[in-house]
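Enquirer: Got a structure for you, written out below as structure tokens; questions coming shortly.
Computed from the coordinates by the stated procedures, all read-outs in this text should not be read as laboratory data. Computed from a predicted model, the values in this text were never measured in an experiment. No Cβ is skipped: glycine too gets one built from the backbone with ideal geometry, and neighbour counts run over all protein chains shown.
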Amino acid sequence: MSFKIPGGQKKATYVKNKFSVIANRYDLFNDIVTQWMHRYWKGFLVRKAGLKPGDSALDICCGTGDITQRLENVVGDSGKATGLDFSAGMLHVARARTANRRSRFLQGDATCLPMKSESQDAVTVGFGLRNLDDIQGCLSEVLRVLKPGGCFLSLDMGKVKIPLIRTLFQFYFFVIVPKIGKMIYPGEEFFDYFPHSSLNYPSQEKLSDILENTGFSNVRFFNFHFGSTVIHYAQKQSASTVTD
Ligand SMILES: C[S@@+](CC[C@H](N)C(=O)[O-])C[C@H]1O[C@@H](n2cnc3c(N)ncnc32)[C@H](O)[C@@H]1O
């Protein structure tokens, strides 16, 4: 467990560059380390967003765009699905996979969204918040761009409470996952970053508090695999329920 995550702005630059390096085989890595489960979690997340044809949805830290594509399937031709990421390499893969589709992809920072206020029916993020230095800043931006009544959904790693199971998961994340990554990209130390990025990431309860303190309501979360993976749901209060 000797890997050191670069601090401050250096972390953002490191993450941005490294995701571009592994972009071409990121989906393969994701499939193997989650035993294809990330596809189920992402489907669950998009269903929970409760979108309908014609809606607008934004997928931040979209990576190779698989959640964005699922959003597009729901909002249809009359709606708008946008993916946003700061890694040019990840966006290149996202654009290639959706070449004949309507999703659009923007290069940008999740803590400073290039969208109009109250323009989105839903904002999603998959395995993204964990990478941010300024989670609070990102959530404030998400709240700003959501329409009243719109919702935010985040899929990420969570904290396992049962000690024995926690130890097993830690072994898997800290020992096996980097080995799998290095088999796909020999010598790439970035795969040690993945488990370490979860160490300072808030527990499911703490993230719920942060969401509520940011101004979201109806905050709840869904645990998978003993809480090692978690989906948070949070809503922007609709105009009719705002009280003075
Ligand atoms: C682990 S990948 C997740 C990709 C995809 N959402 C998924 O669920 O598989 C994290 C993504 O977040 C992006 N990212 C990290 N920090 C970001 C930031 N501040 N602004 C925009 N994108 C960011 C990275 O470039 C990377 O593509």
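Enquirer: What's the angle, to the nearest 10 degrees (0 to 90), between helix 66-75's Cα axis and the longest principal axis of the chain?
Expert: The angle comes out near 20 degrees.
Enquirer: May I pose another question? Rounded to a whole number, what is D in µm²/s for the chain from Stokes-Einstein with the Kirkwood radius over alpha-carbon pairs (25 °C, 0.890 mPa s)? Kindly include the intermediate steps, with their values, before the conclusion.
Expert: Working: Rh = 18.3 Å.
Estimated via Stokes-Einstein, D reaches 134 µm²/s.
Enquirer: Going by alpha carbons, how many degrees (0 to 90, nearest 10) lie between the helix axis of 37-48 and the longest principal axis of the chain?
Expert: Computed tilt is about 10 degrees.
Enquirer: Could you please report the charge total around Phe105, scoring K, R as +1 and D, E as -1 over all other residues with beta-carbon less than 13 angstrom from its beta-carbon? Don't jump to the answer; show the numbers that get you there.
Expert: On the way: positive: Lys80, Arg95, Arg97, Arg101, Arg102, Arg104; negative: Asp59, Asp66, Glu72, Asp85.
Combined, the nearby Lys, Arg, Asp and Glu give +2.
Enquirer: Could you pull out the pairs from Lys42/Lys116; Lys42/Lys206; Lys52/Lys161; Lys182/Lys236; Lys42/Lys179 whose alpha carbons sit more than 30 Å apart here? Before the final figure, lay out each step's value.
Expert: Working: Lys42/Lys116 26 Å; Lys42/Lys206 22 Å; Lys52/Lys161 36 Å; Lys182/Lys236 41 Å; Lys42/Lys179 25 Å.
Pairs exceeding the cut-off: Lys52/Lys161; Lys182/Lys236.
Enquirer: Below 12 angstrom from the Cβ of Val21, what's the summed charge of the other residues (Lys, Arg +1; Asp, Glu -1)?
Expert: Details: positive: Lys16, Lys18, Arg25; negative: Glu188, Glu189.
Once positives and negatives cancel, what remains is +1.
Enquirer: How far is helix 8-22 tilted, in degrees, relative to the longest principal axis of the Cα atoms in the chain, given as a value from 0 to 90 rounded to the nearest 10?
Expert: Its long axis makes an angle of about 80 degrees.
Enquirer: Let me ask something else. In deg cm²/dmol and to the nearest 500, what is the mean residue ellipticity at 222 nm of the chain if only DSSP H runs of at least 4 residues count, each as -39500 (n - 2.57), divided by the residue total?
Expert: Numbers: 10 runs with 101 residues, N = 244.
So the helix-based figure for the chain works out to -12000 deg cm²/dmol.
Enquirer: Continuing with the same structure: Can you list the chymotrypsin sites (Phe, Trp or Tyr not before Pro) in region 1-62 that are in a DSSP coil and have 14 or fewer other beta carbons within 10 angstrom?
Expert: Values: sites: Phe3, Tyr14, Phe19, Tyr26, Phe29, Trp36, Tyr40, Trp41, Phe44; in loops: Phe3, Trp36.
Qualifying residues, ordered by number: Trp36.
Enquirer: Please name which of Asn24, Pro148, Gly76 has its Cα lying farthest along the dipole of the chain towards the positive end, using unit charges on Cβ (Lys, Arg +1; Asp, Glu -1) and the Cα centre as origin.
Expert: Farthest towards the positive pole: Asn24.
Enquirer: At what distance in nm do the modelled label points of Ser140 and Lys52 sit from each other, each positioned 7 Å from its Cα along Cα→Cβ?
Expert: 3.4
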